[in-house]
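Novice: Mind looking over this structure? Questions follow.
Taken together, the values in this text are just the output of simple stated rules run on the coordinates, not laboratory data. A quick note: this is a predicted structure, and the numbers were derived from the prediction, not measured.
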Amino acid sequence: MNEETPKKEMENEVEMDKKAEQVVEEILDEMDETEEKIEEIESEIAEKQHDLSTEVTKLKEEIMRMRAEADNVRKRNARDLDNLRKFSIDKFAKSLIPVADSMDKELEACAKDDIQMTVEQMIEGTIMTQKVLLKVLADNGVEVINPEGEKFNPEFHEAMTQIPNPNLAPNTIVDVFQKGYILNGRLVRPAMVVVSK
């Protein structure tokens, strides 16, 4: 054999060893880079997890605040509704006070021994009190139904009896036992009437 062959083989081995070392170094460099990338990614993931955790905490707090606010609104609405129920007729009650005062004055005058009143004066006082009362009712949306002479309407009238009357058309109201009342377009009490046959 030739002396050069083992030398060449050795050179080849050395060269292969160098190439292997080079490949190993490249692999190690790539592994280092990969590890750095993994660390960067893990760091980003940890940051994002922290950000998400913070966001979740903020959202939970916001939900709790919103629930508390909704509960406060519900309680306030219940209180307002209760007050509305209690005091909804406040204006009406205040407007009725002069009527009560007028009746008190009339009764006081009747009760005093030194004051003599005629029946006409008492009737006049009662008529004046009634006018004040009717004005208060009208100012508060209450209409009086006094349908004498009108055609019977079952939506607003309640027939108590029927009587024959040849001078009137059938179903005409002859007499009113009791007046009816409408509040802002809605029937409160029908007029109780006598109707012709």
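Novice: Per residue of the chain, what 222 nm ellipticity follows from adding -39500 (n - 2.57) for every DSSP H run with n ≥ 4, rounded to the nearest 500?
Specialist: -24000 deg cm²/dmol
Novice: Taking the alpha-carbon set of the range 39-107, what are its Rg and Dmax in Å?
Specialist: That works out to 29.6, 100 Å for Rg and Dmax.
Novice: Using Stokes-Einstein with the Kirkwood hydrodynamic radius over Cα pairs, what translational diffusion coefficient do you get for the range 1-88 at 20 °C and a viscosity of 1.002 mPa s, in µm²/s rounded to a whole number?
Specialist: Answer from the Stokes-Einstein relation: 105 µm²/s.
Novice: Read phi for every residue in the range 171-180 and hand back ³J(HN,Hα) as whole Hz from Karplus 6.51 cos²θ - 1.76 cosθ + 1.60, θ = phi - 60°, with x for Gly and Pro.
Specialist: Each residue's phi maps through the Karplus curve to give 6, 9, 6, 8, 8, 10, 6, 8, 5, x Hz.
Novice: Hey, another quick one. What is the Cα centroid distance between the range 77-126 and the range 154-185, reported in whole angstrom?
Specialist: Value for the Cα centre distance between the two parts: 30 Å.
Novice: I would also like to ask the following. Just one of (1) 8, 26, 23, 21, 13, 6, 2, 0, 0; (2) 9, 35, 37, 17, 1, 0; (3) 7, 12, 12, 12, 9, 6, 6, 5, 5, 5, 5, 4, 4, 4, 2, 1, 0 is P(r) over Cα pairs in 10 Å bins from 0, in percent calculated from these coordinates, so which is it?
Specialist: Label (3) holds the value from this structure.
Novice: Follow-up question, since we're still on this one. May I ask which of LYS151/LYS179; LYS86/LYS131; LYS91/LYS131; LYS105/LYS135; LYS94/LYS135; LYS94/LYS131 have a Cα-Cα span longer than 25 Å here?
Specialist: LYS86/LYS131
Novice: Right, another one. Which of LEU84, LEU133, LEU52 moves the most in a Gaussian network model of the chain with Cα springs under 10 Å?
Specialist: LEU52
Novice: Related question: Within straight cross-link reach of LYS48, meaning Cα distance under 19 Å, which aspartates and glutamates are found once same-chain residues fewer than 8 apart are removed?
Specialist: GLU36, GLU39, GLU40
Novice: So how long is each side of the range 141-197 along the principal axes, counting just the alpha-carbon atoms, biggest first, in Å?
Specialist: Extents along the principal axes, in whole Å: 38, 15, 14.
Novice: Separate question: Gain in length, ASP114 to ALA78, computed as 0.36 nm per residue apart minus the alpha-carbon separation, to one decimal in nm?
Specialist: 7.4 nm is the gain from fully extending ASP114 to ALA78.
Novice: Residue by residue, what Karplus-based ³J(HN,Hα) values in Hz, rounded to whole numbers, does the range 49-64 have, using 6.51, -1.76 and 1.60 with θ = phi - 60° and x for Gly and Pro?
Specialist: Computed from phi, the couplings for the range 49-64 are 4, 5, 4, 5, 4, 5, 4, 4, 4, 4, 5, 4, 5, 5, 4, 5 Hz.
Novice: Can you tell me, using C-alpha contacts under 8 Å and at least 6 residues apart, the relative contact order of the chain as a whole percent?
Specialist: 14 percent
Novice: Please identify, among ASP114, ASP29, ASP51, the residue showing maximal mean-square fluctuation in a Gaussian network model of the chain using a 10 angstrom Cα cutoff.
Specialist: Ranking ASP114, ASP29, ASP51 by mean-square fluctuation puts ASP29 first.
Novice: Residues with amide H under 5 Å of GLN178's amide H, sequence separation 5 or more or different chain, H placed in the peptide plane at 1.01 Å from N; which?
Specialist: Residues meeting the criterion, in which the H sits 1.01 Å from N, are MET192.
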